[in-house]
Every structure is written in C-alpha cells, then in structure tokens.
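**Student:** The structure that follows is given in the form of structure tokens.
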Amino acid sequence: MLEAFLISSITMATPILLAALGELLVEESGVINIGIEGAMLAGAFAALAIAYFSGSTALGLGGGVAAGVAINAIFAVLVVNLAVNQVVTGTAVSILALGLTGVFYRKLFGVTGKAFMVAPIAKIPLGPLARIPLLGPVLFNHNALVYFTFILAPALWYVIAHTRYGLRLRACGERPEAADALGLGVIAIRWQALVVSGAMTGLAGAFLTLAYAGTFVENISAGRGFVALSVVIVGRWNSWGLVAASVLFGAAMALQFGLQALGTIVPYQLFLALPYALTLVVLAGFGGQAAAPSALGEPYRRD
Amino acid sequence: MLRANAITKRFGRTLALDAVDFQALPGEIHALVGENGAGKTTLMNVLAGSLAADHGEAILDGLPLQAGSPRAALAAGIAAVHQSPMLFERMTWEENLALGGFDTGTGALDLDAIAARARSLGAKLGFEMPPDGATVENRSVAERVRLEVLRALSFNPRVLILDEPTSVLAPSQLAPFLDLLRNLRGEGRIVVLITHKLAEAIAVADRITVLRRGRVVARTTPAETSEENLAGLMIGELVAEPAPAATPSHSGAPVLQIEDLTLDDHTGRRILDRLSFRVAAGEIVGIAGVDGNGQTELVELLAGARQPSSGKIKLLDGSPGATMAVIPQNRDLDGLILDMRLWENLILARRLREQVTSHGWLNASHAIDLCRELIDRFRIRAPGPETTAGALSGGNRQRLEVARAIASRPKVIVAHNICRGLDLAATAEVHRTMLDFAFGPGRGAVLLISSDLDELLAICGRLLIISRGKIRETDPGERDPQRLGLLMAGARD
Amino acid sequence: MLSSIAKPFAALALAAALISIVLAALGASPLGVFAALGEGAFGSWYACVDTVVKSTPLVFTGLAVALAFSGALWNIGADGQLTIGAIAAGAIGPHLGNFPHPIAIAGILAAGCLGGAVWGGLAGWLRARRDVNEVISTIMLNFVAVQALSWVVHGPLMEPSRAYPTSSPIARAAQLEFYFAPSRINLGMLLAVVLAAVCYLLLFRTGAGFELRAMGRNRRAATFFGVRIPALTFWVMTLSGALAGLGGAVQVSAISHRLYEKLSPGWGFEAIAVALVARLNPLGIIPAAILFGALDNGSQAMQRTQGVSPELVQVIQGLVILIILAFDTPAWSAVREQIFGATGAAAAVPPVAEMPDA
C-alpha cells in the first residue's frame, strides 16, 4: 500500500516537475507564462494522436514536444515581441489550446469519446537498485521520462546558478533594460527560454497521455499546468525547492485516489485542493513574492 | 576617431536630435554640454547602440557602426556609463562585473578569476571594492558608479562615454574622478563626458561641443570660452529677469512639522534617521543634498505614498482642509498620468477632486471648466482640457503640475528637483511662482528639495542639508557653496 | 467613438478568418459553420431568447472582470467567485420555501452576492495586505472553488435520495420565474442590464471610480495623490466577486434550480474576452456578452449540423483575446504609423531627461 502510494506520488509529480522546471527558466528571464496549461494540454493531445496514428511512441513524444513549442511560440510573439500583458495573454492561450484540442479530438476520434488506447511507455528498472526493499521500486523502477525529469532538476540548477547562460538569463529577469544595454539580447533570451520551456511542457503533456493514462480525455491536464506555476512559487524559484514541492503535490494527488477508493471521512476533494491552498498559504505567510525575479511579469519593449 | 554624421532622432512629435555632427579624437576628453533635454543622453544612446537613429550614422575608426545594437557597439569598442546605474540589484557585484568584459566568454564561468581581475583594475584606479559576495542592493550610490565604470572599462573600450557621472558624487569625490578621466585619456582612449556642469567641463576637457534643443550650436575649447559664455550658448537667450534674491524670512507660525521621522526599508536598512524640522508660513526652506540620500523617500512620505517606520508628519494649521501639495521629481511617472486627459490629471489632486465632487458624484464639466481656467492663468500651451497629458511638452507638463499644486490652495508646497529639465527661462518662471506663493498674501510655506545648490541659494531663506538620511540645519549666514558642498558630502563640522 | 467600435469588429473579422483556416483543416465548411452558428443563435424566437439566457451570466462575470481590470487588478477568478456564489445560493435556496416570493428572491441573490464577495475579497485582501499577486491567488481560488462544489454536491448538500451528485432543489419561492413561457426570460436579465448601467456610472461618474481608473493606469502616481491603494484594491475585488457571485445565484435561481458539478462552463474565462471586446466599458459589456452568448448558443446547432464540436467557441474566445491584445500595443501603433503616416497623437514617451520645451 505504502509502496504503491509512493510510486504513484513520483509518477504524478513527474509531469508537474517537468513543466515547472520549464516555467522556472521562463520566469527567471522575467516572463510569467499562464499559458503553460495550454502547452501541456496541446502536448498531451498531439503526442497521443501522433503515437496512435503512426504507431510510434517516439514520434508521439516528438509531436508532444512540437505542440508545446508551437503554443509557447504564439505566446512569445505577443508577450516578448509585442510586449503585451502577460497574464491575459497566457489565459487566452490556455483557453485557445483547450478549444483546439477539444475540437481536433472530436474530429479525429469521433463523438463517442471511445478510449483510444496506446501502450504506455515501458518502465526501465535500474538493475540491482530496483530490488532494494521499498526504495527500489519507488525510486529506481520508472520509465525513462521520470529519470530524465529528476536528473534535469539538478542540471538546471547548475545551469541557472553557475553558468554564463544562467547569469544572462537572470539578468533579463532582473532588469531587462540593463541587460539590453550590455548587448545581452533580452528578446532572444526570452524566446529561447519559452521555446525550451515549451518543449519541456509539451513533453510533460506527452507523459500524461503516453506514460500515465495511455489515452486522451478532454482536459486531461486538469489544471496540472497551474499546479506547475504553484510549484515554482512554493519552491521559491529554486530547482531543489521545485523538486520538493512537486513531490509534495504529487503525493497529494496520489492520496486523493486512495481516499476516493476508501471513502473515508476526509473528503478526497481536500487533497485535490491542497496544492492550490498551500500555494496561497506560502504566498501569504512567507513573503513568497519577494523571492521572484524583480522584473517578473512586466512587459518590456526596446526603444 | 569617433564620428557621428547627421544623426537625427524623433520621439513621436519631439525632435530630440536634429542632424547632429559630432567628432572625438583619441587621447582626448571631449565634453558634451547642454541643458537637460538638449539631446545629450539621446546622442549617447545612439552611439552606444541602445537607440537606432532615424537618419545618420556613427563611424569609429573608419568603420560604420551597426545601428541599434549595443552588442555591436561594445564589440567595436564603445562602452557607456549611464546616468542612472544599470546594475542588477539582487546579483552580487562579481556577477554584475561578470556580465562585462572581465569574463573570457569561453569555458566555465569563473567568478573568482573575474573578481580578481576586477580587483586589480580597481586597485590601479584607486577604487575601493565591496566585500566578497556582496549584492549591489545595499551599496552606496558612489560605489555603484564605481562598479559601472569598472564594468565599462572591463570591455577595454576605445571609447568611453560617461553620462553625468558626477551628479551623484559628493564634491570631495570629484577631483579624483576627474583625475581618473585624465588617466584614461593618457592611455589613448576617447573619453566623452556628458555634463551640464560647466566648471567641470572647462576644468578637464580638451574640446567642448554644445548642444541646444537637439542641435550643435558651438564647438570650442576651454581656452576659447568661459562658463558664462558656455551658459549663454546653452540657453541661447538672455534670461528675461533674474530670479529675485531670497528675502530674509520674517515668517509666521510653523505650518509643517516633522518629528523624528524615520524610515527603514524591508531589509532593515535605515533610509531616513529621525528627521526633525519645521517649515513656517511665508518662508521657503530648502533641503540640499546629493541625489540618493533619502530625498525621494522623504517626498514619498510627505505625499502619503509610503508610511514611516516611526515619527510624525504634522500639518499644524488648525483650519479645516489644510493640505500639502507635493510635486514629485519624476513628473512623467509619478506626478502625472500621461494617458489621461489634462482635466483628469488636474483632479488627481484630492482638494480639486473634492471641489468637483458632491456626494461622491463627479461633475466632469465643472472639472473641465476649472482646467480651462488654469490653462489660461498659468499659460500652459495646450489645445484644451481634453488633450492627453502625454501630448504636452516637458515644460508645459511642469506648468500643469505647478498649476495643480497652486490651485489646490495648500498650506505647504513640497517640490523635489522642480526645475530639473527646464531651461533657465522656465526655471525663473517656476521660482517666481514659488516666491509669490510664499511671500504673497496667501503666506504659504514652501519646502524645496533639490540637488542644485545654486537654485537653493537663490531663493531659499533657510537651508537644511540631507546626507545619508540625516538632516542638519545650517547657520543662517552660511552661504559658501564649497562649505555647503562638503556638508552635503557628509563631512562633519 | 467610431474607432472604439471599429477595433473590436476588426478583431472579430480577423478571428473569423483564422477560424476558417482551422475549420478547413478539420474538413468542415467555414460558411456552413458560421451559418449554423447564426441559425442556432438567432434563427427563431426561442433561439434568440435562449441566446439572451446564455448571455446573462456573461454580463455578471463580464462586469466583474471589467471593473477589476480597470484598476489593473487581474481578476482571473470570476469563475470561482461565481461558483461560490452559486454554492451559497444553492445552500440557502431549499430553505426559503416559507418566505414571500420577493423576500426569498432577495435572500437567494444576497447569498450569492455574499459568497462571491467573500471569494473576491479574499484575493483582494491577499493582494492588499500580503502583496500576493492576484493573478495567482484568483487562479488558485478557482480550483479550490471547483473542489468545494464537488464536495458539497457529494456531501453536505447532496439531495436526500443520494442517488445523483446534485444538491436539493431550491424552494419554488426562491426561483426566478419565467415570463412568456416556454421561453426562459427572467428578471435576472433585467438585473444584469441595470447593473451594467450602475457599473458605468460608478466607474465614470464617481470619485471612487476615478480613483480606480487612476490606479489602473498608473499605480505609483495614484499613491502620490492620496489614493488608498490597499483599501481600494480590497473593495474592488470584493465588489468584483460580488457581481460574479450574483451571476451564480441568478443562474441557480432561474435556470438550474440546484447545484451540480461543472456548473460553470467557463463563464469566468469567457468574461475576459467579453470585457476586452467591450474595452472595459460596462455599457459595452451587454452587446459583447450577447455576442459570446450567441456563440455559445449557436455552438450546439453547429455540432448537430456540421459535426464540429462546441469547443470551437473556446477557440474563438482565445483568438479574440489574443487579437485584441496584439493590436492594442504601442508596437502596432508604430507599425500603423509607418503604414498610414504619423497621426501626431500622444506617442512614445522619450526618456525623462530628454524632454525639450516647446
């Protein structure tokens, strides 16, 4: 029981963490992308559709990545090039993606909504490590995407905090005018962050359909994109904090399934609401906003 | 050689640069002087690549510069130190410098090596460096200027352009800074010094170019000119009448009383330290200080935009509705809402808003009439009350703000750097208005906060000095700019 | 005035063009789809009325969003505020049976107001006193509201037979009755129109409305003029929430008569499109709400006759918002100036130190 719960926590945490890491890159560059939910949904749908019709999981993953990038590109044109209000644009992009995936889903898979299944990606047990009691299956018996995501976290931490690229990225999020005056090219850097993040978020969506559910249902992301936003905040814009917050929220989501099955006194909705309520508590109680990059969310235009 | 040919730049309706030709030679300090608004900063931005000119080109050593690209400018060897420091507050100073030229650009990022290089250059220049790993947030203004100069020099530039670098330095720090410029000149670089301080230009420059209203009006050398001459070239006309000398204050009862006013910021750093002073009816009190010693925060407190950590601001006049009108330094960002109409900007002042509101109901036509009346009375050049504030020129926006302040019939007017960006005629006009307000029948009180000692000495009765968040009174007879300058720099008596 | 109507129309035209491309990609006929939408929305007396019914919640949420946005308070939580208002209405509704009809109506609507006000006020307080970005807080509260609704219809408010996840039906006395049956015209619509007028007066004819608009244009300058930002923030968010909550109560009282999951098909988000098309003008909210209500209504006919799923309406919503935003930027003005010549109107502001006098 405990083992199943812990495994489930990691599995639920993975797409959230992956998307959150992408969003961290974007926010360090000074942009807040509420459209992350839309990118995840688009990635989920594209991955399933392509995998189903082509028979290739790899192509499906590629499709998910491409869809995520495409959605973020729309966002980038408006927010980076035209310096438009980031919040409203992100919301619009999410609505747009919700609509587009819904429309294409019906058209491709018919009105019946019959579950079109693909085989979920196989797990890759890590040899003898996977046989350690309890820790083994929980940490070392997952599919490749899970390993990839959890390795990406420390890698990204290093890049942001200790490399030249990370320094330039943070400069854009701190004071874009100064970064531009130094020739850093804020527009290019923000675009790069959005494209990479789009790939990651699209991949996270692909995880949902190809690794987790094996199928697509309407709005399969169910707010996970927004949870990723919360994770960045609760994790204090720090890769390690993001890992911790993702696992915490993943555990909450795993818990609600168990509770639903058991039908206990505690309503399972509480656990579904937990990530969101916790975000509010962190923001309200711990000066959450102060850890954000200084220029986060402010439109920036050269000249 | 650095050449600019026929550079033209327009912002909306404003022609900031009009076919400007400029030339500077290696091994020379070239001063670019002019009033605020003459186009000096715009020209620098074009040369440094942050702005693309509408017409014209810049050429360095025979090679044309790519317009609108700071990267290209830096690569060509042009580095700029801006008027307001372009540092990254929450990063460490080492990281700030790493974004300059101390970083080799290849291999792993090595902050220690970068810091070492910065330290050695700093030592050569006689700069004191901040402690290891310190963030820029808490550094003093002078330290920031030094860091910016270091960062600019780290690019080993052929051309170094400095925009009003001494405006934030205390008088005692000025001489070493000018020596630094001479050293740079000695190394064969081109040093362009943008300043409106004529004494400095004459002291250190080899050649001087004078800009006025976006045009080059004179090219000269210190030997061939004088401060008076330069001033005349800068303003282009004689002042209509000199501002009247301050009359000795036989002032009335105190109207504004500040008691132990203290402000700490969110990190606990003390910005204002137990300020206590008062302003009486019929007097103009000046607070002199180098920018960045707490003046902006004091103005925010007086306007009510911010709450003090402790202490009191009291308006002592017993009559109901005694108010204080505040004219903030940053008129376009803090004093006006540029995309609102003139009459709407007018009723931003609470008193005026109350005048046109009854039971919460806003009477727009009443406000429009009031605006029309003030446009006439204060000779604001505007098509009408329905014009957007953004369409007015800088001088007329200032007239609007002064009009609004006076029209709300306050007991006290607080003005911060009120004449910055205005030419001498407009400045005289503002000063006259303030004098009328204080010494006229209304017997108002004026608190003038400024970094311009000349302005303060001209019209203030009493003078206070603010330095590092502390205030001190000066002796009534103390009028020596040298001595006052030292006090502004924080020297003890 | 003409240009302010022209802009939304141009945006809609462009959206229509883009939609046509999407439809063509789907193998559907653009003309057929638009015709079906129009037919479904306005093709018959009943359809027209139903369009108005579907527009009503959009007026309430649209007003909520427009008010908040006017103060640069990005209230993305109108959906959650509507939901909580609905929950309050659905909770008190079944118990109002013994009251005279007007009192019961007043009670259920007041409950909705109060519920929405609390939900909006919470976000307002978090912003005012804790500097929590209202975008994040309202989005979070949306999700909490969804879970709250799920909980009450599966739990405390569940209907007595416990067969379906809905709440008990509200008392007859608390139901807004229909006029001209079988149409669903009800007083809620009139209330919406009246509120739009009230909001207009509030925003443009009162001192408080002026302060709100000043805060929205330039928050920092507003602080220099005694606008009490924290208090204003709190009250505007509370009022915004109350409007949305009222919309929820009207929906429960007039149409649904009970609570169930997914009560709002996204009215709170659609409201953003409505508010932007209306250019944040409360009077413009009414035609804008009717437009999007028409799309919602027509989408069912579109599905029936053209086989295109109703989610297309959300594509339209998203595109409209994006287009309006894209063409309202200074960047676009700069491009337009180059195409059509400088108009000389208030243009880009040069750096502060560079303003020569006229």
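**Student:** Have a look at B:Ala349, B:Ala407, B:Ala389, B:Ala364 and point out the one that is touching a helix residue (DSSP H, G or I) at 6+ places or on another chain (Cβ under 9 Å), within 9 Å of chain C (Cβ to nearest Cβ) and under 30 Å from B:Gly289 (Cα atoms).
**Tutor:** Checking each option against the conditions leaves just B:Ala349.
**Student:** Please work out if C:Thr233 is out of contact with any Phe, Trp or Tyr (no Cβ under 8 Å at 6 or more places or on another chain) and over 23 Å from C:Leu82 (Cα atoms).
**Tutor:** No, not satisfied.
**Student:** What is the one condition in (1) within 11 Å of chain C (Cβ to nearest Cβ); (2) within 29 Å of B:Val33 (Cβ to Cβ); (3) in contact with a strand residue (DSSP E or B) (Cβ under 9 Å, 6 or more places away or on another chain) that B:Arg381 does not satisfy?
**Tutor:** (3)
**Student:** Criterion first (under 28 Å from C:Gly284 (Cβ atoms), away from chain A (no Cβ under 14 Å) and in a helix (DSSP H, G or I)) does C:Ala104 satisfy it?
**Tutor:** No: the conditions fail for C:Ala104.
**Student:** Confirm whether A:Thr89 is under 22 Å from the mean Cα position of the chain (by Cα) and modelled with pLDDT of 90 or more.
**Tutor:** yes
**Student:** Right, here's the next one. Of all residues in the range B:286-320, which are of a type in the set (Val, Ile, Thr), under 15 Å from B:Val414 (Cβ atoms) and under 20 Å from the mean Cα position of the chain (by Cα)?
**Tutor:** B:Ile287, B:Thr296, B:Val299
**Student:** Return the only residue of C:Phe234, C:Phe178 being modelled with pLDDT of 95 or more and farther than 27 Å from C:Gly318 by Cβ.
**Tutor:** Exactly one of C:Phe234, C:Phe178 is modelled with pLDDT of 95 or more and farther than 27 Å from C:Gly318 by Cβ, namely C:Phe234.
**Student:** Here's something else I'd like to know. In the range C:202-274, which helices (runs of 4 or more DSSP H) lie fully inside it and hold 3 or more residues that are within 17 Å of the chain's Cα centre (by Cα) and surrounded by 19 or more Cβ atoms within 10 Å (Cβ to Cβ)?
**Tutor:** C:229-250
**Student:** Can you tell which of B:Arg151, B:Arg117, B:Arg146 is in a helix (DSSP H, G or I) and more than 24 Å from the chain's Cα centre (by Cα)?
**Tutor:** Going through B:Arg151, B:Arg117, B:Arg146 in turn, the sole match is B:Arg117.
**Student:** Restrict the check to the range A:273-296 and report whether at least one residue is more than 30 Å from C:Ala72 (Cβ to Cβ) and facing another protein chain (nearest Cβ under 10 Å).
**Tutor:** Yes, the range A:273-296 contains at least one residue that is more than 30 Å from C:Ala72 (Cβ to Cβ) and facing another protein chain (nearest Cβ under 10 Å).
Condition check ((1) more than 15 Å from C:Gly247 (Cβ to Cβ); (2) in contact (Cβ under 8 Å) with a residue 40 or more places away in the chain; (3) assigned to a loop (DSSP other than H, G, I, E, B)) across all residues:
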{"residue": "C:Asp50", "(1), (2), (3)": "yes, yes, no"}
{"residue": "C:Phe69", "(1), (2), (3)": "yes, yes, no"}
{"residue": "C:Trp74", "(1), (2), (3)": "yes, yes, yes"}
{"residue": "C:Ala88", "(1), (2), (3)": "no, yes, no"}
{"residue": "C:Pro94", "(1), (2), (3)": "yes, yes, no"}
{"residue": "C:Ala117", "(1), (2), (3)": "no, yes, no"}
{"residue": "C:Met140", "(1), (2), (3)": "yes, no, no"}
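**Student:** With the condition being among the small types (Gly, Ala, Ser), I'd like the strands (runs of 3 or more DSSP E) fully within the range B:248-364 carrying at least 2 qualifying residues.
**Tutor:** In the range B:248-364, B:270-280, B:284-288, B:310-315 are the strands (runs of 3 or more DSSP E) which contain 2 or more residues that are among the small types (Gly, Ala, Ser).
Yes/no per residue for (1) touching a strand residue (DSSP E or B) at 6+ places or on another chain (Cβ under 8 Å); (2) more than 25 Å from C:Gly85 (Cα to Cα); (3) not charged (D, E, K, R):
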residue: C:Leu176; (1), (2), (3): no, no, yes
residue: C:Gly209; (1), (2), (3): yes, no, yes
residue: C:Ala222; (1), (2), (3): no, yes, yes
residue: C:Ala244; (1), (2), (3): no, no, yes
residue: C:Val250; (1), (2), (3): no, no, yes
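**Student:** Answer yes or no as to whether B:Ser393 is free of Cβ contacts under 8 Å to residues at least 60 places away in the same chain and among the hydroxyl-bearing types (Ser, Thr, Tyr).
**Tutor:** When the stated conditions are applied, B:Ser393 does not pass them.
**Student:** Considering B:Ile271, B:Ile287, B:Ile258, which residue is away from chain C (no Cβ under 11 Å), touching a helix residue (DSSP H, G or I) at 6+ places or on another chain (Cβ under 9 Å), surrounded by fewer than 21 Cβ atoms within 10 Å (Cβ to Cβ) and at pLDDT 85 or above?
**Tutor:** B:Ile271
**Student:** OK, next. Quick one: which residue in A:Val80, A:Val65 is away from chain C (no Cβ under 14 Å), hydrophobic (A, V, I, L, M, F, W, C) and either surrounded by 19 or more Cβ atoms within 10 Å (Cβ to Cβ) or within 30 Å of A:Arg301 (Cβ to Cβ) (or both)?
**Tutor:** A:Val65
**Student:** Of the residues A:Thr163, A:Thr91, only one is touching a Phe, Trp or Tyr at 6+ places or on another chain (Cβ under 9 Å) and hydroxyl-bearing (Ser, Thr, Tyr); which?
**Tutor:** Step by step, each of A:Thr163, A:Thr91 is checked, and only A:Thr91 is touching a Phe, Trp or Tyr at 6+ places or on another chain (Cβ under 9 Å) and hydroxyl-bearing (Ser, Thr, Tyr).
**Student:** Kindly indicate whether B:Ile459 is within 25 Å of B:Gln83 (Cβ to Cβ), in contact (Cβ under 8 Å) with a residue 40 or more places away in the chain and either more than 14 Å from chain C (Cβ to nearest Cβ) or surrounded by 19 or more Cβ atoms within 10 Å (Cβ to Cβ) (or both).
**Tutor:** no
**Student:** Enumerate the helices (runs of 4 or more DSSP H) found wholly within the range A:1-86, keeping only those where 2 or more residues are at positive phi.
**Tutor:** none
**Student:** Moving to a separate point now. Which fully enclosed strands (runs of 3 or more DSSP E) of the range B:1-57 have 3 or more residues being closer than 21 Å to A:Ala181 by Cβ and in contact with an Asp or Glu (Cβ under 8 Å, 6 or more places away or on another chain)?
**Tutor:** Of the strands (runs of 3 or more DSSP E) lying wholly inside the range B:1-57, those with at least 3 residues that are closer than 21 Å to A:Ala181 by Cβ and in contact with an Asp or Glu (Cβ under 8 Å, 6 or more places away or on another chain) span B:2-11.
**Student:** Taking the options B:Gly27, B:Gly49, B:Gly34, name whichever one is modelled with pLDDT of 90 or more, touching a strand residue (DSSP E or B) at 6+ places or on another chain (Cβ under 9 Å) and of a type outside the set (D, E, K, R).
**Tutor:** B:Gly27
**Student:** For the structure I just gave you, tell me whether B:Asp132 is surrounded by fewer than 17 Cβ atoms within 10 Å (Cβ to Cβ) and touching a helix residue (DSSP H, G or I) at 6+ places or on another chain (Cβ under 8 Å).
**Tutor:** The answer is yes for B:Asp132.
**Student:** For the range B:63-112, how many residues meet the condition of being on the phi > 0 side of the Ramachandran plot and touching a residue at least 60 places away in the same chain (Cβ under 8 Å)?
**Tutor:** 1
**Student:** Let me ask something additional. Taking the condition of being assigned to a loop (DSSP other than H, G, I, E, B) and under 29 Å from B:Leu316 (Cβ atoms), how many residues in the range B:372-415 meet it?
**Tutor:** 5
**Student:** Within the set of pairs 6+ apart or on separate chains, which have a first residue in the range B:322-338 that is within 19 Å of C:Arg217 (Cβ to Cβ), a second that is of a type in the set (Lys, Arg) and in a loop (DSSP other than H, G, I, E, B), and C-beta atoms under 7 Å apart?
**Tutor:** none
**Student:** Assuming C:Pro30 fulfils every condition listed in (1) touching a helix residue (DSSP H, G or I) at 6+ places or on another chain (Cβ under 6 Å); (2) touching a residue at least 60 places away in the same chain (Cβ under 8 Å) apart from one, which condition is it?
**Tutor:** Failed condition: (2).
**Student:** Considering every residue within the range C:23-36, establish whether at least one is surrounded by fewer than 24 Cβ atoms within 10 Å (Cβ to Cβ) and within 17 Å of C:Val277 (Cα to Cα).
**Tutor:** There is no residue in the range C:23-36 that is surrounded by fewer than 24 Cβ atoms within 10 Å (Cβ to Cβ) and within 17 Å of C:Val277 (Cα to Cα).
**Student:** Kindly check whether there is at least one residue in the range B:355-369 that is over 30 Å from C:Leu203 (Cβ atoms) and of a type in the set (Asp, Glu).
**Tutor:** no
**Student:** If I go through the range C:142-161 residue by residue, how many of them are away from chain A (no Cβ under 14 Å) and in contact (Cβ under 8 Å) with a residue 24 or more places away in the chain?
**Tutor:** 1
The values are calculated or read from the model by the stated rules, or taken from the named source; none is laboratory data. Because the structure is a prediction, the values reported are computed rather than measured. As a convention, Cβ positions derive from the backbone with ideal geometry for all residues, glycine included, and neighbour counts pool all protein chains shown.
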